[in-house]
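This report refers to the structure that appears directly beneath it.
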Amino acid sequence: MRASLGSGRFLLGLVAGVTAASGVAVAFASIPDNGGVIHGCYLSNGNLRVIDSPSTTCKSNETPLDWNAQGTTGAAGPTGATGPTGTHGDTAATGPTGPRGAADLPPVDTFTPTQLVQGAILTCTTTSTSATNTICQVLKLNGLDVELELPEAARICNTVTGAGFNSGTGSGLADNPHFVWTGTPWALSSTSDAPIDNLNCNI
């Protein structure tokens, strides 16, 4: 028995050595196959065996069976129903106040029917302009009279032409309230003052 067992081991080693030396390729089973499919053969008596396909095939009395085969991609399903509207979010905090806009436009060297003067709207019923002067007749600021004094006349002329005023005329008393120039903004006054009816500015 010992001699027979030893002879069997020697024979197995000899066969493997000869096979390797002769350069004959040895095929090894690939289960599952490259596509991930497991192939088997089923007998009617319930026996089932797994095979290495395609190098091994089922016998004529066996039924081929495959596992893990990937079918074709199915058609896309219908779009789901729209979900309910979410709850309203909290109101965000108020942002910081933006910078203040310009009080005036650049000097245009002429009176126009309507223009901006230190944040107020200056209107003239009629205007005229020459090479050296521009005149506003029936002058109003935001629809109100303006006091006939040097600060008011100078502020208006400097804004409109960038130069000083030539002359100003007015009669009677200004309607109250009327505008006066305080050095930074226009202010309302109810004192007894003459109004600027016509203003002549240098260019």
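The values are calculated or read from the model by the stated rules, or taken from the named source; none is laboratory data. For clarity, every value in this text was computed on a predicted model and none was experimentally measured. Methodologically, a virtual Cβ is constructed for each residue, glycine included, from the backbone with ideal geometry; neighbour enumeration extends over all protein chains shown. Accessible surface is based on the protein model in full, side chains and every heavy atom, while ligands, DNA and RNA are left aside. Shrake-Rupley method; radii C 1.70, N 1.55, O 1.52, S 1.80 Å.
A few remarks follow.
- Filtered residues of the stretch 50-70 (kept if in a loop (DSSP other than H, G, I, E, B) and hydroxyl-bearing (Ser, Thr, Tyr)): SER53, SER55, THR56, THR57, SER60
- So VAL160, is it exposed (fewer than 15 other Cβ atoms within 10 Å of the Cβ) and either free of Cβ contacts under 8 Å to residues at least 40 places away in the same chain or touching a Ser or Thr at 6+ places or on another chain (Cβ under 8 Å) (or both): no
Yes/no per residue for (1) of a type in the set (Ser, Thr, Tyr); (2) touching a residue at least 12 places away in the same chain (Cβ under 8 Å); (3) closer than 30 Å to SER192 by Cβ:
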| residue | (1), (2), (3) |
| --- | --- |
| LYS59 | no, yes, no |
| THR79 | yes, no, no |
| THR110 | yes, yes, no |
| THR132 | yes, yes, no |
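- Restricting the stretch 169-203 to residues that are in contact with a helix residue (DSSP H, G or I) (Cβ under 7 Å, 6 or more places away or on another chain) and either part of a loop (DSSP other than H, G, I, E, B) or of a type in the set (Gly, Ala, Ser) (or both) leaves a set whose member that is surrounded by the fewest Cβ atoms within 10 Å (Cβ to Cβ) is ILE203.
- One residue from LEU43, LEU65, LEU48 being out of contact with any Pro (no Cβ under 6 Å at 6 or more places or on another chain) and open to solvent by less than 60 Å² (accessible area, probe 1.4 Å): LEU43
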